[in-house]
Amino acid sequence: MSTYRELTHRGSARATVLRTVGTRERRSHLTAPRVPTVGIDIGGTKVAAGVVDADGNILEKIRTETPDKSKSPKVVENTIVELVLDLSDRHDVHAVGIGAAGWVDADRSRVLFAPHLAWRNEPIRDALTARLAVPVMIDNDANTAAWGEWRFGAGRGTDHLVMITLGTGIGGAILEEGQVKRGAYGVAGEFGHMQVVPGGHRCPCGNRGCWEQYSSGNALVREARELAAADSPVAYNIIDRVGGNIADITGPLITELAREGDAMCVELLQDIGQWLGVGIANLAAALDPACFVVGGGVSAADDLLIGPARDAFRRQLTGRGYRPEATISKAQLGNEAGLVGAADLARLVARRFRRANRRRVERQERYERYAQVVRGGRA
């Protein structure tokens, strides 16, 4: 039990709060204060910030481009502060939650490593708390997305959920009985770096054959550009669409052409989906969840991607035909899952700080009443 002296010290209170959040998440969200909080989703290309109410509704959202990763971490920190202060001009913000695309330590105070940002063992939580003067919660962006989907989206009513986020790479999160499983060191759920093809494509993480090299936005674009660069007849349509500039081939364009019936783009999404299903089957063998939720930008392809993933999952599932099969669903909150989840997790931190502040005020009021009595007796 923390003492009053500890609670009045901001640093100690902050550490105490964050150590207890993980073990009480399932129970705490039911009684968390119904106050607006800010959720922030930091990716490799954009920083999105939104004010979210207690029902998961986004009241206002703003975004900006992510500063180039060659710049100092201070630049990204400044971007976050500017977005929060902008929203604070129009909303009563009680806490800030951040979903970061990187490894966050077990105390959720530092970003240990962010592959698309210049963060290396960066104490981002304390730095932002000092500048914003409100409680700040930080977590991996896939963890916050999983929490958002469990609370308000495709995972509602499910006690065992695995989140797969398909974007530039692959992120993931595990949620069991209402608690995000972060592992002993805070970096659980990095499914994208499971090796699925020994000696395969080189991954930015330094290894070869990682899952995200075969089922991600980068993999999709890489395959399309290789076919276009080879002047393959199946790529003539997409080459024409970008005016011969192969560098302009993007994931959204491939999805758009696939919806229009372009055979190459449909086949590429099927390939990505099949690899997605293979990886999900491996995760089912290890974790046995009831539900897989697929989010991230690539999931916008809908059944062009999810359909092949389900087919491959059923073919690859260990014990198929003799065990219940997990469902595979598209994230209902879309790209906003991480932002909404981060804001909701921040609400738990806001409650504990409100309690600490209330106890401090009550203690001060008792002291003042006692002092008045003493002064009155002396008179």
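Debye calculation, C-alpha points only, no solvent: report log10 I(q)/I(0) for the stretch 163-264 at q = 0.13, 0.17, 0.22 Å⁻¹, in the same order as the q values.
Each listed q corresponds, in turn, to -0.58, -0.84, -1.09.
Cα atoms only: what Rg and Dmax, in Å, come out for the stretch 228-300?
15.4, 47
What percentages make up the Cα-Cα pair-distance distribution of the stretch 157-208 when the bins are 5 Å wide from 0?
5, 17, 23, 21, 17, 10, 5, 2, 0
Show log10 I(q)/I(0) for the stretch 121-198 at q = 0.11, 0.13 Å⁻¹, two decimals, from a solvent-free Debye sum over equal Cα scatterers.
The computed values of log10 I(q)/I(0) come out as -0.36, -0.49.
If the reach is capped at under 21 angstrom between alpha carbons, list the lysines near residue 74, excluding any in the same chain fewer than eight residues apart.
Result set, ordered by chain and number: 46.
Please give the contour-minus-distance gain from residue 226 to residue 315: 0.36 nm per residue of separation, less the Cα-Cα distance, rounded to one decimal in nm. Numbers along the way, then the final one.
On the way: separation 89, 0.36 × 89 = 32.04 nm, distance 2.87 nm.
The residue 226-residue 315 span can extend by a further 29.2 nm.
Spin-label point model (7 Å from Cα, Cβ direction): what's the residue 240 to residue 322 distance in nm?
That separation, rounded to one decimal, is 5.3 nm.
None of the figures in this text is laboratory data; all of them are computed from the coordinates on show. What you see is a predicted model; the values in this text were computed from it and never measured. We place every Cβ from the backbone using ideal geometry, glycine too, and count neighbours over all the protein chains shown.
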